[in-house]
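**Q** The structure under discussion is supplied below as C-alpha cells; questions concerning it will follow.
The values are calculated or read from the model by the stated rules, or taken from the named source; none is laboratory data. Remember, it's a predicted structure, so these values are computed and weren't measured experimentally. All accessible areas refer to the heavy atoms of the entire protein, side chains included, with ligands and DNA or RNA removed. Shrake-Rupley method; radii C 1.70, N 1.55, O 1.52, S 1.80 Å.
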Amino acid sequence: MYGARDESGLFIVQALAPRALLQVKPESAIVGKQSVKKYLKQESWDNLAAQKGKISSILLGDETIQTRSAAWHEGKRALLIHVYGGIGGKKTEPKAKTPLYFGHFAYGIAKVVREPLTDELRFEIVYHQIYTHNTDGLIAGSLHWSRYMGDRSFGWLGLRPVADTIVELDGFTGDYETIDGWKRSPLDRLIHQLEIMAARYRIGDGTGGTFVGPAYNCTQDANQALYAALRQIARAIRSHPNVEEWRKQHPEQLHRLEQLERLGKDLKRLLLPWGTARADWRDRAEVLGSTLEDDPVQNLIRSLLTWRTILPRLTSDEVTQAFIKQGGSAWVLRTNQVGGIDPDIEPVAPMTL
C-alpha cells in the first residue's frame, strides 16, 4: 500500500502490489535491431509527464525472442541494469533544476522465483550499488528491491522514474564446467568484482572517504567491475590445463564461450572507445579517496578514456544492445513515480546523447 495527502489534507491510499511489477509477463515485445534501438533511445523515456503513475514491461530481442521464452524459467539468473531519473515539479530536487541531469546507474542480479501468494513467476532483484554513502540512505553494497525501491520510507518507487533492464545471454549468465569439476560463471565473477568495488567505496581505498566526479562515479566504477570480470573469466577458461579436452567434450559450452568473447569485444569498444584501458582500471589503483582537486589533469584524462560510460542512460542503452546483438534478450521494467498521488512532483528523464 502506498499513498499521499491530497490538497485537503486527506490521506489517499492507493492499493499496489509492488511485486506485480516484477512478474515474468511482458505487456508487449519489440523485435529487431533498429526497433530495439529506437525504443531504447527515443521511446522508453519519452513524454514522462503523461506517463506519471504508469508502469510498463517490454521484452526486447531478435526474431527468435518468442521461441526462447522458456529461457526465463524458475531459478534463471540474469544481469540487471538500473537507471533512475530525477524529481521535478514544484518539489524539484537541486540536481534536476538544469537540463543536464545525469541520473544514477547500478548493476544488479535478477533471479526468476515463484511467488508463493500467486504461484506465478516473478523477478527477485538485488542491486549492487557502487556509490558514496548519502543522506538518502544509500550505502555502497547490495540492496534488495524491497528496500531500495519498494520501501515506503526510503524507496524510490513513488518518487523517481526508473528503468530496470534485465538482460539474458547464455554465454554470460550460464555456467562453464570442465571434466575435473572446475566451474565458473561470468555472472558470479561480476558479482565478485562489484562487491570488491563496493567495499572500496565504503572505505575510500583506505582513506575513510570517497569522492565522486567525472572519472569516479557510479557508472564509471560499476563498469570497471564489468570490464574486470570479462577479462578474468575468458582468460581463466582459455588457460585451463584441460581446455583442449573440454572443447571436444563440451561443444555447447565452447559455443557459449565464443559468444561471451564476442560480447567482451563489443563491450570493450563501448567501455574503452580509445582502445586502451585506464591505468586505474588495469592496475586497480587506490584512487577513490582522492578529490578532483588532487590531480585535475589526470582525472580529466581518465574520464575521457571512458567517456561513453559517463552518462548512465547512454551506458544502459548500449550495454543492452550489445547483449541483444549476440543473441540475448532483455526485459525493460519502467516505472514513473508509481504508488501514490503527489501533484507537486514530476518525473525527469536522465540525459543521453
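**Q** Residue 153 to residue 252: extension gain in nm, 0.36 nm per residue of separation minus the Cα-Cα distance?
**A** Length gained, residue 153 through residue 252: 30.9 nm.
**Q** If amide H atoms are built 1.01 Å from N in the plane of the peptide, which residues on other chains or at least 5 residues away come under 5 Å of the amide H of residue 124?
**A** Close amide H contacts, sequence-distant or interchain: 111, 112, 113.
**Q** Where does the stretch 43-111 land on the Kirkwood hydrodynamic radius, alpha-carbon pairs, in angstrom?
**A** 15.4
**Q** Give the cross-link partners of residue 90 among the lysines, using a straight C-alpha distance below 29 Å as the criterion and excluding same-chain residues fewer than 8 apart.
**A** The qualifying lysines are 41, 52, 54.
**Q** Another question, then. How much of the accessible area of the stretch 99-173, probe 1.4 Å, is carbon plus sulfur, in whole percent?
**A** On the stretch 99-173, the fraction of accessible area on carbon and sulfur atoms equals 57 percent.
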